[in-house]
Amino acid sequence: MITEKWDKILEDEYKKDYFINMLKTLQIEYRIKTVYPKRSDVFRALRLTDYDNIKVVILGQDPYHGEGEAEGLSFSVQEGIKKPPSLKNIFKELKDDLGYDEPESGSLIKWAKEGVLLLNSLLTVEKDKPLSHKTLGWERFTDEIIKKINEKDTPVVFILWGSYARSKKVYITNPNHYIIESAHPSPFSARYGFFGSKPFSKANNYLISKKISPVNFKLD
C-alpha cells in the first residue's frame, strides 16, 4: 500500500476493522465530495520518507483544505500555490536560524527526501472544511506510526509545534530520541515562542552529536 518497509511495520493496522472501514468511507468521500490531497498523495509523506531513513519528524494536524494546496506533506503546498501564513513563518524562522532565504516554492518535498517525515495526524480533509475527517480513524493510525518510530534504535528528532502536536509527546518515550517543542507557527501564536526557537539548527546539532549526517534544510 505504501512501501515494502512501511507495509511490514503497519501490516497489523491494515487488518483492523477501523482501518478497513476508514478506507471504505474514503472511497465514497472521494467519489461524492472534493477531498484533499488527491487520492494518490494520501500516503505521500510515508512514501517519500521511508522508515529506515527518518531523521526528523514534523507533526501537523490535517491537510490544507483550500483548492490545490495539499500535497500529502504537513505544512507543504504544491508548486505554484500561494504560501499559507504558517508556512511563511516557518520560512522566516529558517532564515533567522540557518540564514536560508525564503524559497520561491512552498513545497517541502526536498525535506521529505532528506529524511524529514512531514506527518499530519489526519491524512485527508474535505474541501473548505478543516478537521472534517477527524472522526474517520486517521488519528489512531498516525498515532501508531509515531509509536513505531519511537521504537527505532536510531535517534530521531521530533519537532512539535503547538499544543496539538505537543499532545503527541506521550508516545515519544525512547531516550534515544529528542523532542523540540514550541508555539505553532501560525500568525496567532508565532510571536509567543515560535520565532527564535531555532528548531532547524537544534535538530541538526542533535543529529551531529549522534554521528548522523544533518538535514539539508535549504530548499532553493
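Loop sites by DSSP among the trypsin sites (Lys or Arg not before Pro) of the chain, restricted to those with at most 10 other Cβ atoms within 10 angstrom, leave 16-210 as the longest stretch without any of them. For q values of 0.12, 0.14 Å⁻¹, compute log₁₀ I(q)/I(0) with the Debye formula on a Cα-only model of the stretch 149-220, without solvent. The computed values of log10 I(q)/I(0) come out as -0.36, -0.48.
Just checking the listed ones, 13, 71, 93: in the Gaussian network model of the chain with Cα springs under 10 Å, the one fluctuating most is 13. Taking only the C-alpha atoms of the stretch 12-99, Rg followed by Dmax gives 15.6, 48 Å.
Per residue, the accessible area of the stretch 1-137 comes to 48 Å², computed with a 1.4 Å probe over protein heavy atoms only. Given the options 179, 201, 142, identify the residue whose Cα lies farthest towards the positive end of the charge dipole of the stretch 123-206 (+1 on Cβ of Lys, Arg; -1 on Cβ of Asp, Glu). With unit charges placed on the Cβ atoms, the residue in question is 201. When the C-alpha to C-alpha distance is required to be over 30 Å, the pairs from 148/218; 169/210; 38/148; 24/202; 5/88 that qualify are 24/202; 5/88. In the chain, helices alone account for a calculated mean residue ellipticity at 222 nm of -10500 deg cm²/dmol, with every DSSP H run of four or more residues adding -39,500 (n - 2.57). Bridgeable aspartates and glutamates around residue 95 (alpha carbons under 19 Å apart, same-chain partners fewer than 8 residues away excluded): 104, 114, 181, 220.
Structural descriptor for the stretch 104-220: relative contact order 24 percent, calculated from alpha carbon pairs under 8 angstrom and at least 6 residues apart.
Each semi-axis of the equivalent ellipsoid for the stretch 1-58 is √(5λ) with λ an eigenvalue of the Cα gyration tensor; in descending order they amount to 23, 16, 8 Å.
One entry in (i) 115; (ii) 167; (iii) 142 is volume of the Cα convex hull per residue in Å³ calculated from the shown coordinates; its label is (i). Note on the chain: dipole from Cβ charges, positive end direction compared against 100, 117, 192; the farthest Cα belongs to 192.
Just the protein heavy atoms count here, and of the accessible area of the stretch 105-220 at 1.4 Å, carbon and sulfur take up 51 percent.
The values are calculated or read from the model by the stated rules, or taken from the named source; none is laboratory data. What you see is a predicted model, and the numbers here were worked out from it, not measured in a lab. Glycine also receives a Cβ, built like all others from the backbone with ideal geometry; neighbour counts cover every protein chain displayed. What goes into the accessible areas is simple: the full protein's heavy atoms, side chains included, and nothing from ligands, DNA or RNA. Shrake-Rupley method; radii C 1.70, N 1.55, O 1.52, S 1.80 Å.
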